[in-house]
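The values are calculated or read from the model by the stated rules, or taken from the named source; none is laboratory data. Treat the numbers as computed from the prediction; the structure is a model and nothing was measured. Heads up, the Cβs are rebuilt from the backbone with ideal geometry, glycines too, and the neighbour counts pull from every protein chain shown. Note: areas computed on protein heavy atoms with side chains; ligands, DNA, RNA excluded. Shrake-Rupley method; radii C 1.70, N 1.55, O 1.52, S 1.80 Å.
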Amino acid sequence: MTAPAAGPVDAEDATQDALTEADAEQADVQAEEEETDAWKTREGAAPASIVACPNGPLLVRGDFEIVTPDGVPVPRDRETVALCRCGGSAIKPYCDGTHKLMKFDTARRRPVPAPARKAAEEA
Amino acid sequence: MKIPAPRGPVSATLIDLLRNRGGTGHANAYGSLNLLLDEALAATADLLRDEDLQLTLFCLYELHYSGLDGVEDAAEWDPELIRVRARLETAFEDVLRRAVPVPELPAPESEAVAETLFRLAADDDGPSVSRFVASKASVEQLREFLILRSVYQLKEADPHSWAIPRLPVGRAKAALIEIQADEYGGGRVERMHSKLFGTTMEGLGLDSGYGYYIDQVPALTLASSNAMSLFGLNRRLRGAIAGHLAAFEMTSSIPNSFYARGFRRHGFSDDVTYYFDEHVEADAVHEQIAARDLAGGLAEAEPDLLADIIFGAATVLAIDALLGEEQLNAWQAGESALLPLVNDGGPAAPAVTAAAGGVTS
């Protein structure tokens with residue numbers, strides 16, 4: 001299922017070329033305030049939030065779109081999704097639970113390679 | 001659902017009583033039901049595998065779900081039947097409390113509870129029906145697999161929905177609603193998980209009517225469903241039903257990818273495997289919410305429920321291990337995992353005629 005682009009996104013498209021990003025954001029807010037009735041504000045979807053699950057996926061809920069680099073919506077069948085971050089899923093971008101088999105550990109940091117560490121220390 | 005065939009004196013008496021509620025000899029029927037129950041409870045060697053008693057409990061619970069054909073809806077709250085149910089439940093819960101191994105309790109904090117549950121699920125090394133289905137099961141065995149699962153899957157999510165009004169306002173309730181809404185298709189009937197399972201059954205030539213195969217389903221599978229109803233229908237066990245759902249979700253996404261593989265191996269279409277494919281993705285989401293927000297959130301809100309949350313989760317793993325062992329033993333011996341049909345009124349079942357023919361590698 002694909003969600004049609006919401007109003008504010010269209011507004012951003014129209015103004016993107018002429019305005020800086022900050023201006024565009026400002027315009028978005030104004031446009032939204034003008035167009036949105038009070039009941040819509042209450043009914044409207046919450047902004048997207050991401051839960052970084054320890055040793056697991058990124059849980060995303062709220063108002064968001066997942067698109068390919070060309071802007072084509074990625075098929076999405078549920079409101080809240082889990083995005084793979086261990087790299088092992090067979091159904092990317094979604095999680096399929098493979099992190100559990102991989103013993104994926106979000107607390108473990110990859111050691112910084114010596115040359116990079118040295119450069120950072122000298123800087 | 002249709003009234004099942006009785007499996008012993010207790011279920012026979014109950015079914016007779018349900019059919020003739022309000023008729024003459026009514027009061028006597030309750031008396032003999034209670035007497036027979038006393039005897040059966042005292043005599044049973046293994047309540048989890050007791051065909052007569054698990055079917056009796058299943059029928060009593062069914063009055064709270066879709067009801068039994070020809071039985072008055074009012075039977076659901078018949079005080080005498082509730083009393084019988086409560087006595088059976090006490091014995092059943094007692095067996096579960098003694099038989100289910102429970103790990104050391106974590107702190108009643110969300111992340112600690114989630115960690116304990118994930119570890120419990122990861123350490124589960126019970127017999128793997130999913131691996132057998134993926135690589136070895138014949139089409140007949142796939143049908144048996146679906147028939148056994150249909151007891152729960154055709155009313156998928158319902159037993160856990162009992163918990164919704166029983167949880168306090170807050171994180172745990174919000175989590176349960178979020179999971180259940182997805183289970184019921186997020187407002188789209190064609191995406192309801194119970195509906196998808198019916199489509200999979202039909203793809204293998206099976207009847208997707210709820211309870212159609214009940215007479216072929218052994219006690220242990222009924223016990224697995226009865227445990228959910230026990231936890232869901234008793235407010236005092238709301239911790240156990242929350243833990244049950246969490247463990248259920250946490251042991252689902254990877255096995256479901258194996259099930260899908262088993263059905264694809266025999267050339268079944270995406271329509272048939274969709275139920276399993278959907279669960280790979282859905283339950284990878286649900287397990288995160290169920291572990292932290294439902295089970296963990298409830299432990300934080302009501303720390304007294306912590307032990308039951310873990311007990312409910314451990315119950316899933318313990319019963320699954322017993323079920324897996326029973327099914328694999330039957331299949332590996334070239335036998336059917338279903339009960340043989342004893343009466344002519346049962347389903348004409350191509351699914352049980354050729355138990356293990358054509359096992360492919």
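Just a few scattered comments:
- Filter result for B:GLY239 (touching a Phe, Trp or Tyr at 6+ places or on another chain (Cβ under 8 Å) and not hydrophobic (A, V, I, L, M, F, W, C)): yes
- Residue under evaluation B:SER229, criteria (1) open to solvent by 10 Å² or more (accessible area, probe 1.4 Å); (2) touching a helix residue (DSSP H, G or I) at 6+ places or on another chain (Cβ under 9 Å); (3) in a helix (DSSP H, G or I); (4) away from chain A (no Cβ under 11 Å), criterion not met: (1)
- Residue check: B:SER252 meets all listed conditions (1) more than 14 Å from chain A (Cβ to nearest Cβ); (2) under 20 Å from the mean Cα position of the chain (by Cα) but one, namely (1).
- Taking first residues from the range A:94-122 that are at negative phi and partners that are open to solvent by 80 Å² or more (accessible area, probe 1.4 Å) and assigned to a helix (DSSP H, G or I), the Cβ contacts under 9 Å between residues at least 6 apart in sequence or on separate chains come to A:PRO111/A:ARG117.
- Those strands (runs of 3 or more DSSP E) of the range A:49-123 in which 2 or more residues are more than 11 Å from chain B (Cβ to nearest Cβ) and exposed (fewer than 14 other Cβ atoms within 10 Å of the Cβ) occupy A:49-52.
- Comparison of B:ALA112, B:ALA74, B:ALA99 shows that the only residue that is over 18 Å from the mean Cα position of the chain (by Cα) and closer than 30 Å to B:GLY296 by Cα is B:ALA112.
- Cβ-Cβ under 6 Å pairs, at least 6 apart or on other chains, the range B:305-332 side among the hydrophobic types (A, V, I, L, M, F, W, C), far side modelled with pLDDT under 95 and not in a helix (DSSP H, G or I): B:LEU317/B:ASP124; B:ALA321/B:GLY126; B:LEU328/B:PRO127
- Residue list for the range B:217-255, filter: among the polar types (S, T, N, Q) and in contact (Cβ under 8 Å) with a residue 60 or more places away in the chain: B:THR221, B:SER224, B:SER225, B:ASN226, B:SER229, B:ASN234, B:THR251
- B:VAL285 vs. criteria touching a residue at least 40 places away in the same chain (Cβ under 8 Å) and away from chain A (no Cβ under 14 Å): no
- Filter pass, B:GLY334 being open to solvent by 30 Å² or more (accessible area, probe 1.4 Å) and either over 21 Å from the mean Cα position of the chain (by Cα) or away from chain A (no Cβ under 14 Å) (or both): yes
Residue-by-condition table, conditions (1) within 13 Å of chain A (Cβ to nearest Cβ); (2) open to solvent by 50 Å² or more (accessible area, probe 1.4 Å); (3) assigned to a helix (DSSP H, G or I):
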{"site": "B:HIS160", "(1), (2), (3)": "no, no, yes"}
{"site": "B:PRO168", "(1), (2), (3)": "no, no, no"}
{"site": "B:LYS173", "(1), (2), (3)": "no, no, yes"}
{"site": "B:ILE179", "(1), (2), (3)": "yes, no, yes"}
{"site": "B:GLU190", "(1), (2), (3)": "yes, yes, yes"}
{"site": "B:LEU196", "(1), (2), (3)": "yes, no, yes"}
{"site": "B:GLY205", "(1), (2), (3)": "no, yes, no"}
{"site": "B:GLY211", "(1), (2), (3)": "no, no, no"}
{"site": "B:LEU222", "(1), (2), (3)": "no, no, yes"}
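- Look at (1) within 14 Å of another protein chain (Cβ to nearest Cβ); (2) free of Cβ contacts under 8 Å to residues at least 12 places away in the same chain; (3) not charged (D, E, K, R) and you find that B:GLY267 fails only one, number (1).
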